[in-house]
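The structure appears below as structure tokens.
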Amino acid sequence: MADKLYQMPENCDFSKVINADTHSNECTPVLDNKFFSKFSGLLINGPKEVVWPKNGDPSDYPAGPWGTTEGPFRLMVAGLVRTEYKTLGLKGEASEEVLLVAVNQQTAESYSGKMPQPDVDTEPDFDMGLEEIPPTDEEQNKLLTSYFNFDLVHDLGLPIKEASYNVYATLGEMKSNSIIINTKVE
């Protein structure tokens, strides 16, 4: 029997997952060994079912300036990406470039999007005069892990209706595991 490279948390509380956050949480897939895992690629985890209220409007719950969302009209997915530093020239910062896709299994309508970026400027307006030291070949081949958390309603524009979605993530040529999420309106 092959060793498992990761565990997928079950029965975690997706309502506690913070949208547009690049930290792991109780619903994030867990690598067998945080620092020395042999896993390379993308993993996502999501609820099997989400129930939204009949009355109400998602626009009553606007996202904050950092992309955070609140309220009953959320569908959160937590994930991780583990790639080499040099992958796609991202210098190990791959989480913001992950594309999440949700396909309605009945209508084949697809929704996709990247993690929202803050509405505020986080870059300094000055040049400190420091040159970036290029990484060594060994550092460029090193596997680095980053995390991502998506709200499919806010980030992908998923409609509030009953449906069944096939959800997966991509980064360049890489594709994550696929999960099925059912949505209900009651």
Inter-part gap, Cα centre of segment 145-181 to Cα centre of segment 1-56, in whole angstrom, is 12
Most fluctuating residue given options 46, 79, 92, as computed from a GNM of the chain linking Cα atoms under 10 Å = 92
Counting DSSP beta bridges with both ends in the chain, the antiparallel % (nearest 5) | 90
Rounded to the nearest 500, what is the chain's calculated 222 nm mean residue ellipticity when only DSSP H runs of at least 4 contribute -39500 (n - 2.57) each, over all residues?
-> -1000 deg cm²/dmol
Anyone know which of 98, 50, 17 comes out most mobile in the 10 Å Cα GNM of the chain?
-> 50
Rounded to whole Hz and in sequence order, give me ³J(HN,Hα) for segment 4-21 from the Karplus expression 6.51 cos²θ - 1.76 cosθ + 1.60, θ = phi - 60°, writing x for Gly and Pro.
-> 6, 8, 7, 10, 9, x, 10, 6, 8, 9, 5, 5, 8, 6, 9, 5, 6, 9
Residue range of the chain that is longest and free of trypsin sites (Lys or Arg not before Pro) which are both DSSP loop and sparsely packed (at most 16 other C-beta within 10 Å) = 92-141
From fewest to most C-beta neighbours within 10 Å, the residues 27, 12 line up as 12, 27
Counting Lys and Arg as +1 and Asp and Glu as -1 over every other residue whose Cβ sits under 13 Å from the Cβ of residue 11, the net charge comes to -2
Scaled to the compact-protein estimate 2.2 N^0.38 Å, what is the alpha-carbon radius of gyration of the chain, rounded to two decimal places?
-> 1.11
Table column - 3J(HN,Hα) (Hz), segment 91-105, Karplus curve with 6.51, -1.76, 1.60, x for Gly and Pro = 6, x, 9, 8, 4, 6, 9, 5, 9, 9, 10, 10, 10, 5, 6
Restricting things to alpha carbons, find the Rg to Rh ratio for segment 2-46 using the Kirkwood radius for Rh.
-> 0.98
Dipole of the chain, positive direction: furthest Cα of 83, 145, 27, with charges on the beta-carbon | 27
Sequence-distant or interchain residues sharing an amide H contact under 5 Å with residue 6, placed H: which?
-> 32
Choose one answer from 147, 61, 85: the residue with the largest mean-square fluctuation in a GNM of the chain with alpha-carbon springs under 10 Å.
-> 61
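Any read-out appearing in this document is the output of simple, stated calculations on the displayed coordinates, not a laboratory observation. The shown structure was predicted, so the numbers you read here are calculated from the model rather than taken from an experiment. Glycine also receives a Cβ, built like all others from the backbone with ideal geometry; neighbour counts cover every protein chain displayed.
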